[in-house]
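The values are calculated or read from the model by the stated rules, or taken from the named source; none is laboratory data. Everything quoted here is computed from the prediction, not taken from an experiment. For neighbour counting, all protein chains shown are included, and Cβ atoms are generated from backbone atoms with ideal geometry for every residue, glycine included. Areas reflect the complete protein model, heavy atoms only, side chains present, ligands, DNA and RNA absent. Shrake-Rupley method; radii C 1.70, N 1.55, O 1.52, S 1.80 Å.
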Amino acid sequence: MQRLHKTNNDYLNRLALIFCIVVFSCDAGAAFRAGIATRNVTPEPLLPVSGGVGPSNPVTRKEGELNVRALVFEQDTNRVAIVSADFLGFPGALGDRVRTAVKGIPPQNIVIGATHTHSAPDCYGFPDGKGGTGSDPKYLELVCARMAETINEAVSNLQPASLKIATGEAQGKIAYNYYAEQLYDPRCHVIQALDASGRPIATLVNYAIHPEVIGSGAGICSPDLIGPLYERISAKGGGTGIFMNSAQGGMVTADNRRPNGGEARNWEECGRIGTLLADEAMRIIQDAPVQASPTLYCAARSLSFPVDSPLMRALLKELPQTAGASSGILTTKMNILNIGNAQILTIPGEALPNIGYYLKRKMKGQHNLLFGLTNDAFGYILTKEDYDSFKRYAYVSRTSLGERTGEILVSEALKFINDSPAPNP
């Protein structure tokens, strides 16, 4: 009888051990992980740089290095990549080329945004007025290859992680609205991934600004203020930095103004602004609570816009990287990501600040982020009331797809937000 009792106890102990192993395995499988990687994409030899529609400008030197950066999050079997590239914009056609070269992440879960520097090579192939373009196909092929490598390396770098997420106003002389000084969003959103010991792996900064301190006509290839931003984040112990722009249209730009009415358009000013923005981001995230087991969600939807603007119709017919331009309809992708208690919506262009404020107000997160110039960069996005109204809006109207662009974006975004779950940290 005693022997039978011992046998039963052994059996129960083994059963309990198996149960614990199964539970631990399930918990480990559902653990949140993060990984980041970077690649240098500065062209050698240097190429002309693009400031937008029109010919590219020749360069004679570089300040800083152009980069592509990928931050990958994973929870259970769900995996998402956030990619940032130091270009004016990154066309959806090139992004799709990158996605096909990435294994282990669903293509719709790879969001690719541009920092919007005005001092990098043309990714679109804007006509130069002489029957050619400043874009270099071999260079773009190299960029796509390195971007895919970066994402794949970030996957291989995945490690158990927790998150800190915070939102606060960035203080100091960083950005302003060139058209109407106070009409911009000063909020800086920060997502920081921490390793198992609590050290930062990566710091994502989401802020609305044109990185156009130097400008395309200065003869310099540069990431502009984003380069010093990354250097400062690393120096302050924030791990690897990654920047995603926001609703910076109409015309939210770097505050490089001088008292005499001039502007500081040099690398030193890039350093001042980039360093200040990094310091503010690190201040904002410093005391945020740690989210030990954040959840992850990603969904994508197609989004189509009619091309009504005469300038954009004519331009798009000549751009090799723009599919569907001949039909007068452009189709792209919009993503919603829930990461911890944050919700992120992607925008394929430069939304004006009022649209940005409105969308953030309707989103469901404790922290609501907009990733502008992401998955495509279809020019300015403004409301139909603003389109072709004030003289100040003449340029942004000409370089918008049309009067209904903002209306369509907001309508489709609201449907997407309403159909998506709220973040569940």
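Couplings 3J(HN,Hα) for region 349-365, derived from phi with the Karplus relation 6.51 cos²θ - 1.76 cosθ + 1.60 (θ = phi - 60°), are x, 10, 6, 5, x, 5, 5, x, 4, 5, 5, 4, 5, 8, 6, 10, x Hz, where x marks Gly and Pro.
So, with +1 on the Cβ of K and R and -1 on the Cβ of D and E, and no other charges, what is the size of the charge dipole of the chain about its Cα centre, to the nearest 20 debye? The partial results should precede the final answer.
Working: 40 positive and 40 negative charges, 172 e Å.
Result for the chain is approximately 820 debye, rounded to the nearest 20.
Residues whose amide H lies under 5 Å from that of residue 133, counting only those 5 or more places away or on a different chain, are 128; hydrogens are built 1.01 Å from N in the peptide plane.
Residues whose amide H lies under 5 Å from that of residue 254, counting only those 5 or more places away or on a different chain, are 210, 212; hydrogens are built 1.01 Å from N in the peptide plane. Per-residue SASA remark: residue 337, around 0 Å² accessible (1.4 Å probe; ligands, DNA and RNA not included). Atom-type composition of the exposed protein surface of region 164-233 places 45 percent of the accessible area on carbon and sulfur (1.4 angstrom probe).
So what is the relative contact order for region 367-414, in percent, with contacts set as C-alpha pairs under 8 Å and at least six apart? RCO, region 367-414: 38 percent.
What number, in percent, do you get for the relative contact order of the chain if the mean sequence gap of Cα pairs under 8 Å and at least 6 apart is divided by its residue count?
Working: 1049 pairs, mean separation 71.3, N = 425.
Result for the chain is 17 percent.
Peptides 65-78, 204-217 ranked from most to least packed give 204-217, 65-78, packing being the mean of other C-beta atoms within 10 angstrom over each peptide's residues.
Please say if the chain is rounded, prolate or oblate, where rounded means a/c under 1.5 for a ≥ b ≥ c the square roots of the C-alpha gyration tensor eigenvalues, and otherwise the choice is prolate for a/b larger than b/c and oblate otherwise? Write down the numbers at each step before the final one.
Details: a/c = 1.89, a/b = 1.77, b/c = 1.06.
Verdict is prolate for the chain.
For region 61-131 versus region 349-425, the inter-centroid distance based on Cα atoms is 20 Å. Taking all protein chains into account, the per residue accessible area for region 159-277 stands at 33 Å² (1.4 Å probe).
Residues whose amide H falls under 5 Å from that of residue 79, counting only those 5 or more places apart or on a different chain, are absent, with hydrogens built in the peptide plane.
Peptides 389-399, 191-201 ranked from most to least packed by the mean count of surrounding Cβ atoms within 10 Å: 191-201, 389-399. Model label sites at residue 398 and residue 311, defined 7 Å from Cα along the beta-carbon direction, differ in position by 0.4 nm.
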